[in-house]
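The values are calculated or read from the model by the stated rules, or taken from the named source; none is laboratory data. This one's a predicted model, so the numbers in the text were calculated from it and none came from an experiment. As a convention, Cβ positions derive from the backbone with ideal geometry for all residues, glycine included, and neighbour counts pool all protein chains shown. When the accessible area is computed, the model is the full protein with side chains, heavy atoms only, and any ligands, DNA or RNA have been set aside. Shrake-Rupley method; radii C 1.70, N 1.55, O 1.52, S 1.80 Å.
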Amino acid sequence: MKTRIAIAGREGTFLTGVMDYVNRQGALEAFVFTDERCLEDELEQMKPEILFREEDFGTKIFFDGREVLLCKNQIGEEESRKNRTGEENCVLDRVDRIYMYRPVDVLYEQILRYSGRTDTVRKTRQSDQGGIYAVYSPLGRSGKTSYALAFSREHSFFYIGMEEYGIAGNKEHTIDEILYHIRNRKKEIAEVLLEYSEVWNGVHMLASPLIFPDLKVLGTEDYSWFFDQLREKDEFRAVMVDLGSGSLTDYEIFDLFDRIYIPVLDGEVGQEKLNLFWNRLREFYGEPDQRYRAVRVPIADWQEENFLSQVEESDFRPAGLRMKEGGCYGSNWDREGQT
């Protein structure tokens, strides 16, 4: 029999995504509540075994069951951990807490533990490992950012904007502090990233900087160190980088990603650009491997429920490309007269 849980809070889009993920796994039955006024009555009707609620939501209700608070910063979870381990000078409030803005598979793993379903934790960890992903395209108007945002929201990836004129979110910022920590190899970079992050339309994100040329001060070695720091933190085990050409210092950066999505378009001009991009990759770093995936993104609002289901994904193999010894032809003009 499935354990029934309730998830309650004001961030309906984000929490609904968590609920959908939980229900797809099959071990738990989850429901989301976003109306504080009738929360107590709905809980009485549904009778969940555990209530996971945002810490500032439903504070005055009576719930005759186990409560776990969803914190919007890591300090609350750390205090809860200290309570359980019995560290000195710690006030025992008997309330468990989870930091809510982390990859959905990590969040689900914690929900399982609080629900007493530790038998499924190992299976969950093995089924969705996350990683550092990128979306890049040499084409304009290819749906690159729409795909990056929709993917991040659906799979609970942390979105990092590295575009020339990208999504600015609600927090206007320069990235001086972040650049300083990266260039000087400061171990607190993950904490600084969280400080500047926000949730925008259900996506946990660091928006693209207002002054994008600042990104050009970083080289591949800087990004390599930066991504290594993120991989060590559960909050950043799943990251999507929205990579713009303006921040592309060299092609070596692609070696740092676990997967690279390349939005493609129909038409001769778009195909020529994709062929040239393929040609450059192959000349400098060898033939692109299976990490490169072509995606054809629909012309639609990325917030539509079925947006990702309309995306066509395939191997990244530009059509019509003819190979020659030592390289490949980059355009139709190169290929004319060849056999």
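A few remarks follow.
- Residue among PHE236, PHE254 that is modelled with pLDDT of 85 or more, under 26 Å from TYR99 (Cα atoms) and within 20 Å of the chain's Cα centre (by Cα): PHE236
- So ARG259, is it under 18 Å from PHE158 (Cα atoms) and of a type outside the set (Val, Ile, Thr): yes
- Residues of the stretch 258-301 classified as under 19 Å from TYR223 (Cβ atoms) and in contact with a Gly (Cβ under 8 Å, 6 or more places away or on another chain), total: 2
- Candidate set: the stretch 257-307, residues that are among the aromatic types (Phe, Trp, Tyr) and surrounded by fewer than 19 Cβ atoms within 10 Å (Cβ to Cβ); chosen: the one modelled with the lowest pLDDT: TYR285
- Any hit, the stretch 53-64, residues being of a type in the set (Val, Ile, Thr), surrounded by fewer than 19 Cβ atoms within 10 Å (Cβ to Cβ) and modelled with pLDDT under 90: yes
- Test result for ASP234, open to solvent by 10 Å² or more (accessible area, probe 1.4 Å), within 30 Å of GLU191 (Cα to Cα) and of a type in the set (Asp, Glu): yes
- Total residues in the stretch 23-48, condition at pLDDT 90 or above and within 19 Å of the chain's Cα centre (by Cα): 0
- Within the stretch 123-145, residues that are within 26 Å of TYR108 (Cα to Cα) and at pLDDT 55 or above have Cβ atoms under 9 Å from residues that are among the small types (Gly, Ala, Ser) and assigned to a strand (DSSP E or B) in these pairs: GLY130/ALA238; GLY131/ALA238; ILE132/ALA238; TYR133/ALA238, counting only partners at least 6 apart in sequence or on another chain.
- Checking each residue in the stretch 1-35 for being open to solvent by less than 70 Å² (accessible area, probe 1.4 Å) and over 18 Å from SER115 (Cα atoms) picks out GLY9, GLU11, GLY12, PHE14, THR16, GLY17, PHE33, ASP35.
- The residue pairs whose first member lies in the stretch 293-306 and is touching a residue at least 40 places away in the same chain (Cβ under 8 Å) and part of a loop (DSSP other than H, G, I, E, B), whose second member is charged (D, E, K, R) and surrounded by 14 or more Cβ atoms within 10 Å (Cβ to Cβ), and whose beta carbons are closer than 9 Å, counting only pairs six or more residues apart or on different chains, are VAL297/LYS144; TRP302/ARG153; GLN303/ARG153.
- Filtered residue count, the stretch 232-252, keeping only those that are touching a residue at least 60 places away in the same chain (Cβ under 8 Å) and of a type in the set (Val, Ile, Thr): 2
- The conditions of being within 30 Å of LEU15 (Cα to Cα), charged (D, E, K, R) and not in a loop (DSSP other than H, G, I, E, B) are met by GLU195.
- Which numbered condition PRO209 misses (of (1) part of a loop (DSSP other than H, G, I, E, B); (2) surrounded by fewer than 21 Cβ atoms within 10 Å (Cβ to Cβ)): (2)
- Selected residue (criterion: surrounded by the most Cβ atoms within 10 Å (Cβ to Cβ)) from residues of the stretch 237-256 that are more than 12 Å from GLU163 (Cβ to Cβ) and in contact with a Gly (Cβ under 7 Å, 6 or more places away or on another chain): ALA238
Yes/no per residue for (1) surrounded by fewer than 14 Cβ atoms within 10 Å (Cβ to Cβ); (2) free of Cβ contacts under 8 Å to residues at least 40 places away in the same chain; (3) assigned to a loop (DSSP other than H, G, I, E, B); (4) not hydrophobic (A, V, I, L, M, F, W, C):
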position	(1), (2), (3), (4)
ARG185	yes, no, yes, yes
VAL199	no, no, no, no
HIS204	no, no, no, yes
LEU230	no, no, no, no
